[in-house]
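Take a look at the structure set out below.
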Amino acid sequence: MKTKTVLTVAALSGLLAVILGAFGAHVLKGIISPEMLEIYKTGIQYHFYHTFALLAIGILMNFNQSKALKLSAYLFIIGLILFSGSLYIMAISGIKALGIITPFGGVVWIAAWILLVVHCSKLATSK
């Protein structure tokens, strides 16, 4: 994945997180149950965290690319879809069985973070 693509996806992800957060706060608040609204908020919270991680990866790619870093970018994106996406759909639809998907997104994010650690641990240090 190219640096430009990672940065663009991160920017779009941030835009989407703001739009979905506003939608939840202003539209869903009166429509779905408080329990489902909390689930939705969790999706937003983790969406933002991992958008920032993806943005950081794009910035790192500008200086030093590796297979681990590129794969990490892919996994952060997949995790966004699986984790936050499943929570959004579950909260809006009320279908709690969709929660089975969420942990897979979490596992994908763990792998993404591990790959980021691998990349960073191999960076040359300056004295």
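Does the range 120-127 contain any residue that is surrounded by 18 or more Cβ atoms within 10 Å (Cβ to Cβ) and either in a loop (DSSP other than H, G, I, E, B) or not polar (S, T, N, Q) (or both)? Write out each step before concluding.
Going residue by residue through the range 120-127, those that are surrounded by 18 or more Cβ atoms within 10 Å (Cβ to Cβ) are none.
So far as the range 120-127 goes, no, none of its residues is surrounded by 18 or more Cβ atoms within 10 Å (Cβ to Cβ) and either in a loop (DSSP other than H, G, I, E, B) or not polar (S, T, N, Q) (or both).
Criterion first (closer than 22 Å to K122 by Cβ, of a type in the set (S, T, Y), buried (at least 21 other Cβ atoms within 10 Å of the Cβ) and modelled with pLDDT of 95 or more) does S72 satisfy it?
Judged against the criteria, S72 is a match.
Taking the range 17-38 as the region of interest, how many residues are of a type in the set (A, V, I, L, M, F, W, C) and surrounded by fewer than 16 Cβ atoms within 10 Å (Cβ to Cβ)?
The number of residues fulfilling the criteria is 7.
Go through V18, V9 for me and flag whichever is in contact with a helix residue (DSSP H, G or I) (Cβ under 8 Å, 6 or more places away or on another chain), of a type outside the set (S, T, Y) and farther than 16 Å from L115 by Cβ.
After applying the criteria, what remains is V9.
For the range 39-51, indicate whether the set of residues that are surrounded by fewer than 18 Cβ atoms within 10 Å (Cβ to Cβ) and within 8 Å of the chain's Cα centre (by Cα) is non-empty.
Yes, the range 39-51 has at least one match.
The values are calculated or read from the model by the stated rules, or taken from the named source; none is laboratory data. Everything quoted here is computed from the prediction, not taken from an experiment. Note: ideal-geometry Cβ built from the backbone for every residue, glycine included; neighbour counts use all protein chains shown.
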